[in-house]
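The structure under discussion appears below in the form of structure tokens.
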Amino acid sequence: MTMEQIIAAVYALPGSLVLAPGPGSEFPELAWGDTFFYYAPDGHVPTNTQPYATIVTKDYPDDTASGLDPSGRWRLNIHVGRSRFTELTGETPGDARHDRDFGATDVVLPHPVYSALGWIAIVNPADDTGDLALELVRDAHEAAAARRRRRQDD
């Protein structure tokens, strides 16, 4: 599984917006090279919601546990919600253990920073997690679409 395969799969989802900041963009240099997935059928980055999934290609100052700085390492992060988080990790968001190897590849793990919010992480998804990763991204996309529809109905 490659980043490009995941990005292509998200592009194919109805209402998807794939944001990939780079040099010359309005986004901070720290975000360059990373990818953010939104449900935004109008094509505009939502101002009142977070992405439902991201791909990060480097360590962030407050997020170094996955060891993403070496070349070729990247991490898919997906908001899966509380119940799916527990199903996937065997833990409850907010009570996830932090005594693990967050740099392990091709394994579903609680997100090292945002697990309490129902996020999981997969470093370099491959044979063991590739299909599941795509399924989880599609589910997260649909959940984001459902949240937007509920907001519009209010």
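None of the figures in this text is laboratory data; all of them are computed from the coordinates on show. As the structure is a prediction and not an experimental result, all values here were calculated from the model. A quick note on method: Cβ atoms are made from the backbone with ideal geometry, for glycine too, and the neighbour counts reach across all protein chains shown.
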**Prompt:** Taking θ as phi - 60°, what are the ³J(HN,Hα) couplings along the range 24-41 by the Karplus curve (6.51, -1.76, 1.60), each to the nearest whole Hz, with x for Gly and Pro?
**Reply:** x, 7, 7, 8, x, 4, 4, 7, 4, x, 9, 10, 10, 10, 10, 8, 8, x
**Asked** For 56, 18, what's the fewest-to-most ordering of other Cβ within 10 Å of each Cβ?
**Response** 18, 56
**Fill in**
Computed, not fitted: 222 nm per-residue ellipticity of the chain from DSSP H runs ≥ 4 (each -39500 (n - 2.57)), nearest 500, equal to -9000 deg cm²/dmol
**Item:** Label-point separation, residue 86 to residue 7 (7 Å along Cα→Cβ), nm
**Value:** 3.7
**Residues listed by number, the range 24-48, amide nitrogen under 14 Å from residue 57 label point at 7 Å toward C-beta** = 24-25, 29-36
**Message:** What three numbers, in Å, describe the spread of the alpha carbons of the range 51-121 along their principal axes, ordered from the longest?
**Reply:** 34, 27, 22
**D_trans [Stokes-Einstein, Kirkwood Rh over alpha-carbon pairs] for the chain, 10 °C, 1.306 mPa s, µm² s⁻¹** = 100
**Fill in**
From the Cα centre of the range 18-38 to that of the range 109-130, the distance in Å is 20
